[in-house]
Amino acid sequence: MSVLVVGASGATGQHLLVQLLDRGEHVKAIIRSTSTLPDNIKKYPNLSLIVGNIVEISIKELQNHLTDCHAVLSCLGSHFVF
């Protein structure tokens, strides 16, 4: 079983990823760009990166990503422009 993490490339998301990966969890992370994750996180063998914007992923594609997941964790934030 896997854990799906959205918002994984942000400050909180990165901390969550490391904690889950260090516990031996298999983690799927939806991120907009692989360049936003440090190399030490990308090197975990139990990490699967899914590149894409969560708001642009179709329901069917999201269902496929969730088939073997026992949990979904969200670290999505919002960006405010003043």
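The values are calculated or read from the model by the stated rules, or taken from the named source; none is laboratory data. Quick caveat, the model's predicted, so the values are computed rather than measured. Don't worry about glycine lacking a Cβ; one is built from the backbone with ideal geometry, like all the others, and counts go over all protein chains shown.
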Does Ser48 fit the bill of being small (Gly, Ala, Ser) and either at pLDDT below 95 or part of a helix (DSSP H, G or I) (or both)? no
Leu73 vs. criteria assigned to a helix (DSSP H, G or I) and either surrounded by 12 or more Cβ atoms within 10 Å (Cβ to Cβ) or among the aromatic types (Phe, Trp, Tyr) (or both): no
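Could you identify the single residue in Ile41, Ile30 that is in a helix (DSSP H, G or I), buried (at least 16 other Cβ atoms within 10 Å of the Cβ) and in contact with a Leu (Cβ under 8 Å, 6 or more places away or on another chain)?
Working: Ile30 fails: in a helix (DSSP H, G or I).
Sole residue among the options that is in a helix (DSSP H, G or I), buried (at least 16 other Cβ atoms within 10 Å of the Cβ) and in contact with a Leu (Cβ under 8 Å, 6 or more places away or on another chain): Ile41.
Is it the case that some residue within segment 61-69 is touching a Leu at 6+ places or on another chain (Cβ under 8 Å) and not in a helix (DSSP H, G or I)? Steps first, please.
The first filter runs over segment 61-69 and keeps only residues touching a Leu at 6+ places or on another chain (Cβ under 8 Å), leaving 65-66, 69.
If we keep only those that are not in a helix (DSSP H, G or I) as well, we get 69.
Yes, that holds for at least one residue.
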With the requirement that a residue be in contact with a strand residue (DSSP E or B) (Cβ under 9 Å, 6 or more places away or on another chain), under 19 Å from Leu76 (Cα atoms) and not basic (Lys, Arg), what does segment 22-49 give you? Val27, Ala29, Ile30, Ile31, Ser33, Thr34, Leu37, Ile41, Leu47, Ser48, Leu49
